[in-house]
Amino acid sequence: MKTRVRFAPSPTGFLHIGSLRTALYNYLFAKGLGGTLILRVEDTDRTRLVEGALEEQIESLAWAGVVFDEGPHVGGNFGPYVQSERFDLYREHGMILVENGSAYYAFDTAEELDSMRQRQQAAGIAPKYDRSSMRNQYTLGEQETARLLAENADHVIRLKVPIGTEIRFTDAIRGDVVVNGKEIDDQILLKSDGFPTYHLANIVDDHLMEITHVIRAEEWLPSTPKHILLYKAFGWEPPIFAHVPLLLNPDRSKMSKRHGDTHVKDFRQKGYFPEALVNFVALLGWNPGTDQELFSMSELIEKFSLDRVHKAGAVFDFKKLEWVKQEYIKMMDPTILAARILPDLEKAGYPRIEIDYVAKVIALLRERISFLTDLVEFGDYLFSDTLAEVSSETLATIKANAELVTALTAFANGLTPEAIADADAFKTYSQQIASDAGMKMGAIMKPLRLAVTHREVGADIQQTLMLLGADRCKTRIVDFIR
Ligand code: GLU
């Protein structure tokens, strides 16, 4: 049987970092087995919809490189994968269960349900629909039920959880799970407005879409026994379930906004590379069984397996993310990075931004930046001859130092491309200039950098000068001490 998995987000907010991980694990699992990944939109709860959330989720997933084979907005007419367009289907399936005795009509009002809960609370028992005392098909009888239905009385359809059953399933990550039927509520399947609940729509779709593996967040684990009962009620074979562990804050509480960014969008906007974020997220709850920490997407596809996903919650370690981020800045192809930063450099209005040159700038400065976008400011002197302002005090101090001015003038006058072509030539040249002026070489390096770049810090000075070229350096030094 061909592997078919799905990522089934509800468009109730921006893509959470945990949802990216769920989508990614589904993607890696499907691709590793030559299977199919489906995007299904679970928008049955109309009250929680957030305008624009679906578009943002799809865009963030595409940004991260999680590519769907079927589903909305992936180029191609794959049929409806949006639950709100499939309501008739869920109603029909709800009725199948009523007819085969696995579900029933219930007519209780909100007040009646409230007082039931209060009674249960007072008696110290867990709140659960009490089929034997409430107003439903069983307590009212068939005739009264038929009359109420004919009258169009408000009603829901509930799952009839068989008394005395034990539900067992094997989770691909958590192993054998056994739940006593007594703990399971007679779940509402169709609401009084005729809309399905998550549970009904979810399993009808998983079945009709021929999903073989349900890989989803641990928070859905308590729902799974209900889902297993639903599969039984329809006479369908359930898929294999795999519940991935919770994401935790460093203090092991459930990950929340309070401790920092939680949406993929936040990381995108800050300038994280998708490759780095995906690499980091893949390791939240999965390990390859080796010391390797940096993985391309194709390596992840090759190495990922569900049996290496942990049961325990995964701590979102911001320090580790920073490390991964830095590693990607250091190791990615400078030409690819140059293409990414080009729009920002263009926006800044810089004149010197041909791609090969920008790639050289990146190779020179990448160890010194946190985000590629830092280059726009940090590397200004390499992209333009309009330089940053140097304070008048600093300038005055340098100009008042006659030996230094002599040295810098001599440095500019004698400068040739050969003198800055490599570290040795540069050292020989600078040492000569310094000793002619009666100074130490170290004493002229800082002012030299300042004269050429108008910045106190930067990359290796010889390489910086070489990248700028002798003529440009000459002009800048002369202008600086004029
Ligand atoms: N719509 C659910 C969610 O938002 C999907 C749960 C599942 O994958 O079954 O997470």
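No lab work stands behind these numbers, since they all come straight from the coordinates. If you're wondering where the values come from, they're calculated on a predicted model, not measured in any experiment. Neighbour counts are summed over all protein chains in view; Cβ atoms, including those assigned to glycine, are modelled from backbone coordinates with ideal geometry.
Mind checking which residues of the stretch 231-242 are at negative phi and either more than 12 Å from the ligand (Cβ to nearest atom) or surrounded by fewer than 17 Cβ atoms within 10 Å (Cβ to Cβ) (or both)? Show your work before the answer.
We begin by selecting, within the stretch 231-242, every residue at negative phi; these are 231-234, 236-242.
Across the stretch 231-242, the qualifying residues are Tyr231, Lys232, Ala233, Phe234, Trp236, Glu237, Pro238, Ile240.
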(request) Please work out which one of (1) touching a strand residue (DSSP E or B) at 6+ places or on another chain (Cβ under 9 Å); (2) under 24 Å from Leu37 (Cα atoms) is the condition Asp186 fails and give its number. (result) (2)
(request) Scan the stretch 289-297 and give yes if some residue there is in a loop (DSSP other than H, G, I, E, B), surrounded by fewer than 14 Cβ atoms within 10 Å (Cβ to Cβ) and under 16 Å from the mean Cα position of the chain (by Cα), otherwise no. (result) yes
(request) Please verify whether the stretch 156-178 includes one or more residues that are outside any loop (DSSP other than H, G, I, E, B), aromatic (Phe, Trp, Tyr) and free of Cβ contacts under 8 Å to residues at least 24 places away in the same chain. (result) no
(message) Pull out all pairs, ordered by first then second residue, where Cβ-Cβ is under 6 Å, the residues are six or more apart or on different chains, the first lies in the stretch 180-208 and is touching a residue at least 60 places away in the same chain (Cβ under 8 Å) and of a type in the set (Gly, Ala, Ser), and the second is within 16 Å of the ligand (Cβ to nearest atom) and part of a loop (DSSP other than H, G, I, E, B).
(response) Ala201/Thr44
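Would you confirm, using the coordinates I've provided, whether Val67 is more than 16 Å from Phe280 (Cβ to Cβ), aliphatic (A, V, I, L, M), within 15 Å of the ligand (Cβ to nearest atom) and surrounded by fewer than 24 Cβ atoms within 10 Å (Cβ to Cβ)?
On the way: more than 16 Å from Phe280 (Cβ to Cβ): yes; aliphatic (A, V, I, L, M): yes; within 15 Å of the ligand (Cβ to nearest atom): no; surrounded by fewer than 24 Cβ atoms within 10 Å (Cβ to Cβ): yes.
So Val67 fails the test.
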(message) So, Glu144, is that one within 16 Å of the ligand (Cβ to nearest atom), part of a helix (DSSP H, G or I) and of a type in the set (Asp, Glu) or not?
(response) no
(request) Mind listing whichever residues of the stretch 182-229 are near the ligand (Cβ under 9 Å from one of its atoms), crowded, with 20+ Cβ neighbours inside 10 Å and among the charged types (D, E, K, R)? (result) Asp206, Arg216
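Give Ala407, Ala421 a once-over and let me know the one that is of a type in the set (Gly, Ala, Ser), buried (at least 18 other Cβ atoms within 10 Å of the Cβ) and farther than 30 Å from Ala276 by Cα.
Numbers: Ala421 fails: buried (at least 18 other Cβ atoms within 10 Å of the Cβ).
Result of the check over Ala407, Ala421: Ala407.
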(request) Taking Ala443 as the residue in question, decide whether it is under 23 Å from Glu393 (Cα atoms) and either free of Cβ contacts under 8 Å to residues at least 12 places away in the same chain or surrounded by fewer than 16 Cβ atoms within 10 Å (Cβ to Cβ) (or both). (result) yes
